[in-house]
Amino acid sequence: MKERLDKFIATQTALSRKEVRRAVKDKRVTLNGSAVKSADVKIDAQSDSVALDGAVITYKEHVYYMLNKPSGVVSATEDRAEKTVIDILPSELRRAGLFPAGRLDKDTTGLLIITDDGDYAHRMLSPDKHVVKSYTATLDKEPQADIVTAFARGVTLADGTVCKSAEARLTGGFDVSVEISEGKYHQVKRMFAALGYHVEALRRVRIGALGLDESLREGDFRELSPDEAMAVFG
Ligand code: URA
């Protein structure tokens, strides 16, 4: 199916249509190897080769990025006061419509997915899907074994909210490995608070069958294949 060149580039990159028109004027865009003269030329995204500054733009309906979220950035697309996970995206990964699929607190680190696929995020976050999220929590003191049974029974938060059964495993020192299938506000911290502990550090390490790529440093992103992205439901 044919579509306008400026629309194609604007959906596949961070450039607005106006910026695409400017890039065409500046001879930064080629179509099948030749400089494009007009931004409203029609192209076939499947068979034509469009390049911006010499880099071919491969059509993708959606993209899925894994971020090893650093502490100090908020899980939002924009914020007047704070730096967001979208602000720290490298320019070559930018495109329109990206947002974080779910939230981690500002001081929480680890696995966060950034996508432009609203249906995917909706499915992943839907309470009916019971997608399991795994965290490593570092507590302010040595965890006692009764945490495990309290989590399994379902912790009652300070405001009376009863959490679903969850898994806690003591992994040595002040660390506890936690698996929850809900996404209540500050849930892990509030579960531990209800049992008399303060969470000093929290890191998400897995969503469904998708583990955090340990080779990613905090603040690094990498694109996920569609199969990897779908592993959150596995
Ligand atoms: N639970 C929390 O308390 N904080 C997070 O960021 C994620 C889960």
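Observations on the model:
- Restricting region 89-102 to residues that are crowded, with 16+ Cβ neighbours inside 10 Å and in a loop (DSSP other than H, G, I, E, B) leaves a set whose member that is farthest from the ligand (Cβ to nearest atom) is 95.
- Selection over region 1-54 of residues that are open to solvent by less than 60 Å² (accessible area, probe 1.4 Å), in a helix (DSSP H, G or I) and touching a helix residue (DSSP H, G or I) at 6+ places or on another chain (Cβ under 8 Å) gives a count of 7.
- Inclusion of residue 197 among residues that are of a type in the set (Ser, Thr, Tyr), open to solvent by 60 Å² or more (accessible area, probe 1.4 Å) and within 16 Å of the ligand (Cβ to nearest atom) is not warranted.
- Unique residue being touching a Lys or Arg at 6+ places or on another chain (Cβ under 7 Å) and among the basic types (Lys, Arg) when the list is 25, 42, 37: 42
- Taking region 202-230 as the range and being assigned to a strand (DSSP E or B), surrounded by 16 or more Cβ atoms within 10 Å (Cβ to Cβ) and not aromatic (Phe, Trp, Tyr) as the test, the residues that pass are 202, 203, 204, 205, 206, 207, 210.
- Selection within region 173-191 - away from the ligand (no atom under 11 Å from the Cβ), within 23 Å of the chain's Cα centre (by Cα) and open to solvent by less than 50 Å² (accessible area, probe 1.4 Å): 177, 181
- Filter pass, residue 117 being more than 14 Å from the ligand (Cβ to nearest atom), closer than 30 Å to residue 61 by Cα and touching a His at 6+ places or on another chain (Cβ under 7 Å): yes
The values are calculated or read from the model by the stated rules, or taken from the named source; none is laboratory data. In this text, all values refer to a predicted model and were calculated from it rather than measured experimentally. Every residue, glycine as well, gets a Cβ built from its backbone with ideal geometry; the counts of neighbours run over all protein chains shown. The area values use the complete protein model at the heavy-atom level, side chains included, leaving out ligands, DNA and RNA. Shrake-Rupley method; radii C 1.70, N 1.55, O 1.52, S 1.80 Å.
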